[in-house]
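Engineer: Structure below; questions to follow.
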Amino acid sequence: MTHSNHRESEHMIDAFFLDRWSPRAYTGEAMDKETIMTILDAGHWAPSSGNNQPWRFVYALRDSESWPVLLDILAPSNQRWAQNASALIIFVSKTYRVSKDGEKKHAHTHAFDTGAAWFSIAAQAMKLGYHAHGMEGMDRDKAVQVLGIPEGFRVEAACAIGKLAPKETLPDDLRERETQSQRKALAEVAFEGSFAGEE
C-alpha cells in the first residue's frame, strides 16, 4: 500500500498518483506563456491510436483577451472558482481519421486518446507546481460557436490550472468539498477474464 495526500492505495503505486487531485482553490496568480506552452507540449506527446493525435487544445491565460471568452463557456457553478485559475483549456477531439485512399472514417478512440492528453497535461502541470481540475460542466454548443470549432470535432471537457490556495479562500459550500477524493475498491472496476460490474 502507498499512503500520501490523505489517501491510501491497495497496492504499491507511485505516490504521484495519490498526490494528484483536483482542487478548486487557486491563488489567481498569472502564468507566463512559456509555462502554458510547456504544459501543452506534454499533452501533445500523449499516445494515440495510429498516431492520429486527435486532441486539440484551446487555451487562455488569465488577464488575456481570450480569458473571459473561455470562462464564459464554463457552467456558472464552475466559473465561481475557475475564475481564480491561471489558465483555462477546452479539450476538443477530432472524431475521424482519413484513410490512405482519402476516405473519412470514424476514429473510435478519439476521446480515449484525448483523455490521455488531458492526463499528460495534468501531470506536467503538477510537476511545475500547479494543479489541474478537469470539468464536464460547460456549454458545449457555446464552445462550438464562439471558438469556431468545425464539423467533425467534438468538445470533450475543460480544465482549469493554477497554484493551490488555502481552502478558506473558497465560499462556504465549496470549502466543504475541497478535499482529496477517494476511489472505489479496485475489485469494483478491474475484472479478470470477463466483465463483472453493474448492469
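Rule-based calculations on the coordinates, nothing more; no lab input. Here the structure is a predicted model, which means the values were calculated and not measured. All Cβ positions, even for glycine, are placed from backbone atoms using ideal geometry, and neighbour counts span all protein chains on display.
Engineer: Of the residues Ile121, Ile13, Ile39, which exhibits the maximal mean-square fluctuation in a Gaussian network model of the chain defined by a 10 Å Cα contact cut-off?
Structural biologist: Ile13
Engineer: For the stretch 91-199: lysine pairs with Cα atoms under 20 Å, gap of 8 or more or different chains, count?
Structural biologist: Values: Lys94/Lys104; Lys94/Lys105; Lys94/Lys142; Lys127/Lys163.
Value for the stretch 91-199: 4.
Engineer: Connecting C-alpha atoms closer than 10 Å in a GNM of the chain, tell me which of Ala15, Ala30, Ala185 has the biggest fluctuation.
Structural biologist: Ala185
Engineer: I need the phi-derived Karplus couplings for the stretch 22-36: 6.51 cos²θ - 1.76 cosθ + 1.60, θ = phi - 60°, integer Hz, Gly and Pro marked x.
Structural biologist: 10, x, 10, 8, 10, 6, x, 7, 6, 10, 7, 4, 4, 5, 5
Engineer: What stretch of the chain, leaving out the sites themselves, is the longest with no trypsin sites (Lys or Arg not before Pro) in a DSSP loop having at most 15 other Cβ atoms within 10 Å?
Structural biologist: Working: sites that count: Lys100, Arg177, Arg183, Lys184.
Result for the longest clean stretch: 1-99.
Engineer: Would you pull out the residues with amide H under 5 Å of Ala157's amide H, same chain only if 5 or more places away, H placed 1.01 Å from N?
Structural biologist: Residues meeting the criterion, in which the H sits 1.01 Å from N, are Phe91.
Engineer: Which is the longest stretch in the chain that no exposed loop site breaks, taking sites as chymotrypsin sites (Phe, Trp or Tyr not before Pro) with a DSSP loop state and at most 16 other Cβ atoms within 10 Å? Working shown, then result.
Structural biologist: Values: sites that count: Trp45, Phe191, Phe195.
My reading of the result: 46-190 is the longest stretch.
Engineer: Here is a further query. Note down the nm distance, to one decimal, between modelled labels 7 Å out along Cα→Cβ at Lys167 and at Glu103.
Structural biologist: Rounded to a tenth, the inter-label distance reads 5.5 nm.
Engineer: Using θ = phi - 60° and the Karplus relation 6.51 cos²θ - 1.76 cosθ + 1.60, list the HN-Hα couplings for the stretch 146-152 in order, rounded to whole Hz, with x at every Gly or Pro.
Structural biologist: These are the phi-based 3J(HN,Hα) values: 7, 9, x, 7, x, 4, x Hz.
Engineer: What does the charge dipole of the chain about its Cα centre add up to, to the nearest 20 debye, if the Cβ of each Lys and Arg holds +1 and the Cβ of each Asp and Glu holds -1? Walk me through the intermediate numbers first.
Structural biologist: On the way: 22 positive and 28 negative charges, 81 e Å.
With only Lys, Arg, Asp and Glu charged at Cβ, the dipole is about 400 debye.
Engineer: Quick one: length gained pulling Asp141 to Asn51 fully straight, 0.36 nm per residue minus the C-alpha distance?
Structural biologist: Values: separation 90, 0.36 × 90 = 32.40 nm, distance 2.82 nm.
The Asp141-Asn51 span can extend by a further 29.6 nm.
Engineer: At a threshold of 8 angstrom on Cα-Cα distance, excluding pairs fewer than six apart, so keeping six or more, what relative contact order does the chain reach in percent?
Structural biologist: Numbers: 331 pairs, mean separation 54.3, N = 199.
Normalised by residue count, the contact order of the chain is 27 percent.
Engineer: Turning to a different aspect of this structure: Taking the Cα atoms of the stretch 101-145, report the difference between the largest and smallest coordinate on each principal axis, in whole Å and largest first.
Structural biologist: In descending order, the Cα extents are 45, 27, 14 Å.
Engineer: By the scheme Lys and Arg +1, Asp and Glu -1, what is the net charge of all other residues having a beta-carbon under 13 Å from that of Arg175?
Structural biologist: On the way: positive: Arg24, Arg80, Lys167, Arg177; negative: Glu168, Asp172, Asp173, Glu176, Glu178.
That works out to -1.
Engineer: Could you compute the net charge surrounding His110? Neighbours are other residues with a C-beta less than 13 Å from the C-beta of His110; K and R count +1, D and E count -1. Don't skip to the end; give the middle numbers.
Structural biologist: On the way: positive: Arg56, Lys94, Arg97, Lys104, Lys105, Arg154; negative: Asp113, Glu156.
Taking every other residue near His110 into account, the sum is +4.
Engineer: Translational diffusion coefficient, Stokes-Einstein: compute it for the chain using the Kirkwood radius over C-alpha pairs as Rh, at 4 °C and 1.567 mPa s, and state it as an integer in µm² s⁻¹.
Structural biologist: Values: Rh = 18.3 Å.
After rounding, the answer is 71 µm²/s.
Engineer: When the gyration tensor of the stretch 1-91 is built from Cα positions, what are the square roots of 5 times its three eigenvalues, in whole Å, from largest to smallest? If you can, show how the numbers build up before the last one.
Structural biologist: On the way: eigenvalues 146, 86, 32 Å².
With the √(5λ) rule applied to the stretch 1-91, the semi-axes are 27, 21, 13 Å.
Engineer: Length gain on complete extension for the stretch Phe191 to Asn5, per 0.36 nm per residue less the alpha carbon to alpha carbon distance?
Structural biologist: Gain on stretching Phe191 to Asn5: 64.2 nm.
Engineer: Just name one of Met138, Leu70, Ala190: the one whose Cα is farthest towards the positive end of the charge dipole of the chain (beta-carbon charges, Lys/Arg +1, Asp/Glu -1).
Structural biologist: Checking the options against the dipole of the chain, the answer is Leu70.
Engineer: Taking the chain as a Gaussian network, where each spring joins two C-alpha atoms under 10 Å apart, which residue of Leu74, Leu186, Leu164 fluctuates the most?
Structural biologist: Largest GNM mean-square fluctuation: Leu186.
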